[in-house]
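The values are calculated or read from the model by the stated rules, or taken from the named source; none is laboratory data. These numbers were taken from a predicted model, which means no experiment stands behind them. We place every Cβ from the backbone using ideal geometry, glycine too, and count neighbours over all the protein chains shown. Surface accessibility is based on the protein's heavy atoms, side chains included, excluding ligands, DNA and RNA. Shrake-Rupley method; radii C 1.70, N 1.55, O 1.52, S 1.80 Å.
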Amino acid sequence: QNYLDNFWPDLKAAHELFDSILQARRERESESQENNGKEYPEHLPVEILEAGIKSGRYLQGTLNVNKHRAQLEAFVRLQGFGSKETG
């Protein structure tokens, strides 16, 4: 804000863009506070997931995504299985 005010006081588009970015950031921080700091809402409560993992209804694993082909290539490495067994 200071940079724009001091060096580009007449550049209306830059000031509007800065205000827009600042507003979006404030809204995101507000949403984050409403979600207890989580970026995405949970699909199921943690208690249900933990109970499902213990009972064997759900499996726990790590999602690995190819950074070069993210929309085409990914796999889940399940915990408790050998490193070669993936799904």
Please identify every one of the GluC sites (Glu not before Pro) in segment 1-78 that sits in a loop by DSSP and has no more than 11 other beta carbons within 10 Å of its own beta carbon. Glu39, Glu42, Glu73
With all protein chains present, how much of the accessible area of segment 1-78 (probe radius 1.4 Å) comes from carbon and sulfur, to the nearest whole percent? 53 percent
Derived scalar couplings ³J(HN,Hα) [segment 54-69; Karplus, 6.51 cos²θ - 1.76 cosθ + 1.60; whole Hz; x for Gly, Pro]: 5, 7, x, 5, 10, 10, 10, x, 10, 7, 10, 10, 5, 5, 8, 9
Non-local amide H neighbours of Gly61 (under 5 Å, H modeled in plane, Pro and chain starts lacking H): which ones? Gln79
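May I ask you to compute the full-extension gain from Leu72 to Glu31, defined as 0.36 nm times their residue separation minus their alpha-carbon distance, rounded to one decimal in nm? Numbers along the way, then the final one.
Numbers: separation 41, 0.36 × 41 = 14.76 nm, distance 3.05 nm.
So the chain would gain 11.7 nm between Leu72 and Glu31.
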